[in-house]
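Laboratory data are not the source of any read-out in this text; all were calculated from the coordinates shown. Computed from a predicted model, the values in this text were never measured in an experiment. Every residue, glycine among them, receives a Cβ derived from its backbone with ideal geometry; neighbour counts consider all protein chains shown.
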Amino acid sequence: MNRRIPATIAALLCVVSPLVNAYDKQLDAHAIHEAYILGQRNDKSTGDFLANYLSQITEPQNDVHIAQIELLTPYAQIIDESRQKSADRFTEEQCIQDHKSRGNIVKVNVTLMLPSAYPKTAESKEVPTPPPATGSEKSAIRPENFWQNFQFNLKQNGKTIPSRGISNQPIHSTATNTAPAVLTGENVWLDYDVKDVASELTNVEVVTPQGKIIKATFDLKKLR
């Protein structure tokens, strides 16, 4: 009898251990409440938590600049939404309803900024000027459709995971007395079913119209 106890414990550990290092695919009431409160705090602890879900892209780029890539688990989505709204505008009951409507998804956000949003600095002027854009390249960065010329891929173990949907939100400059608001970039959102996204190293790849690949890596075993 005693000889069988270690084997039983070992079997249980095999079942439980993968869940210890895994992001939350299903959120219970306690997890939603916890995430909502952390978002409402909107302080350093909130920022420190969400920093793990964001990758700032600093490598030099020509033309459209891929500024940042963000991957949000269901838990992080609630924190991110809650931090952007005050309690009088966004109650916990609304938070629960929004989560139910959204479902259990992994969201990827890619922020693209047009060249006009990155004025040249003294340092950047020292970089050799790239050759003039061809007609097709100019067409690829037209403000009204430039983001559609990029490819967005979520990959695990070299396999591309199909997205459930894609949406976009324009980014505009702030209008002044002397200048109207203009398009400066685009936020592109992609949704993925949690059933398709395992708790392992995950790469978000953005392929530019010129074929350059910009990549951000997230370890979902270390995220919640």
* Structure fact -> Spelling it out for Gln68: with amide H atoms placed in the peptide plane at 1.01 Å from N, the residues 5 or more places away or on another chain with amide H under 5 Å from its amide H are Ile57, Thr111
* What is the packing order of peptides 163-171, 183-191, 64-72, taking the mean over residues of other C-beta atoms within 10 Å and listing the highest first? -> 64-72, 183-191, 163-171
* To do: Give me the distance in nm between label points sitting 7 Å out from Cα along the Cα-to-Cβ direction at His172 and His33, one decimal.
  => 4.2
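Past 18 Å, Cα to Cα: identify those pairs from Lys100/Lys222; Lys195/Lys215; Lys25/Lys85; Lys44/Lys100; Lys107/Lys215; Lys44/Lys215, in the order given. Mind showing how you got there, number by number?
On the way: Lys100/Lys222 25 Å; Lys195/Lys215 23 Å; Lys25/Lys85 24 Å; Lys44/Lys100 28 Å; Lys107/Lys215 16 Å; Lys44/Lys215 27 Å.
As for pairs spanning more than 18 Å Cα to Cα, those are Lys100/Lys222; Lys195/Lys215; Lys25/Lys85; Lys44/Lys100; Lys44/Lys215.
By how many nm would the segment from Ile213 to Gln84 grow when fully extended, if each residue of separation counts as 0.36 nm and the alpha-carbon distance is taken off?
Contour length minus Cα-Cα distance gives 43.3 nm.
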